[in-house]
Structure formats: C-alpha cells, structure tokens
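Enquirer: What follows is a structure written as structure tokens; I'll ask about it next.
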Amino acid sequence: MLDLEFVALLDVNGRFAERYDATPGAVSLIRPDQPLVLSCKTRLGRKQEMATLVTENRLANPDDFYEALIDTHRDLSAEQSNMVNAKLVLLLANHIGDMEVLREALSIARKGV
C-alpha cells in the first residue's frame, strides 16, 4: 500500500490557476518537484462545456512513454501489433469520453496520410 499525503491548496493570488490552467472545481495532482501529473476539470453546478483537444505535450517525460510503447509492441507480429494499437485507441477513446474531442483527434490524425 502506498503512503500518500494530500494537501489542499488555497490559490490566493491565482498563480496556480494561471500556471496550470485550473478552473473552479478542478482537481490536480502535482509531484513535490511541481510537474503536473493529472488535472481533471469539472464544472460544478454548471452545464458541462465542450472540451477541446489538447495537442501540446503534457507528458513529464515523452521518451518514457515512447519506450513503453515500443516495448509493448516488441516481438509481436504485424497483426498482433495492429490489434494492440486498436485496443489502445479504444481504451483511450473511452477514457476521453467526449465525441467532439475524439472527432477532432481523428481529423488531425488523418491529415497528411
């Protein structure tokens, strides 16, 4: 079991909101050395606004992700690798859950192909 410590932050000067694009009701997980690990935006008591696709890098270490992706495909046939990609796309699409964001991502991915 992990021994975790949670601290509530009162953003009096608005610096946190500015730095991490936080909105009222947002929940963020930040490492002690301050990189943002997770951010969930909510609209408490309001109608949910349409989300937009985030295309700037949000990975703390993109090389780690790339290495994990390559490792996931290692020793797979082309058919197996395609199946892993399809499963990954469906898992992430389900996680995103917003059809407008998914359409935007599909459109961007298709450009230039």
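Enquirer: Here are some residues: 76, 106. Which one is in a loop (DSSP other than H, G, I, E, B) and surrounded by 11 or more Cβ atoms within 10 Å (Cβ to Cβ)?
Expert: Working: 106 fails: in a loop (DSSP other than H, G, I, E, B).
That would be 76, the only listed residue that is in a loop (DSSP other than H, G, I, E, B) and surrounded by 11 or more Cβ atoms within 10 Å (Cβ to Cβ).
Enquirer: Follow-up question, since we're still on this one. I need every pair where a residue in region 73-94 that is under 14 Å from residue 109 (Cβ atoms) has its Cβ under 9 Å from the Cβ of a residue that is small (Gly, Ala, Ser), sequence separation at least 6 or different chains.
Expert: What qualifies is 93/105.
Enquirer: Only one of 33, 21 is surrounded by 12 or more Cβ atoms within 10 Å (Cβ to Cβ), at pLDDT 65 or above, of a type in the set (Asp, Glu) and out of contact with any helix residue (DSSP H, G or I) (no Cβ under 9 Å at 6 or more places or on another chain). Can you tell me which? Break it down into steps so the answer makes sense when it comes.
Expert: Details: 33 fails: surrounded by 12 or more Cβ atoms within 10 Å (Cβ to Cβ).
After ruling out the rest, the residue left standing is 21.
Enquirer: Just the residues that are over 29 Å from residue 51 (Cα atoms) and either surrounded by 10 or more Cβ atoms within 10 Å (Cβ to Cβ) or not charged (D, E, K, R) (or both), please, taken from region 79-103. I'd like the intermediate steps shown before the answer.
Expert: Within region 79-103, the first condition is being over 29 Å from residue 51 (Cα atoms), and the residues that meet it are 79-81.
Once the filter is applied, which keeps residues that are over 29 Å from residue 51 (Cα atoms) and either surrounded by 10 or more Cβ atoms within 10 Å (Cβ to Cβ) or not charged (D, E, K, R) (or both), region 79-103 yields 80, 81.
Enquirer: Of the conditions (1) under 22 Å from residue 20 (Cβ atoms); (2) more than 19 Å from the chain's Cα centre (by Cα); (3) at pLDDT 90 or above, residue 111 fails just one. Which one is it?
Expert: (1)
The values are calculated or read from the model by the stated rules, or taken from the named source; none is laboratory data. Keep in mind it's a predicted model, so treat the numbers as computed, not measured. Heads up, the Cβs are rebuilt from the backbone with ideal geometry, glycines too, and the neighbour counts pull from every protein chain shown.
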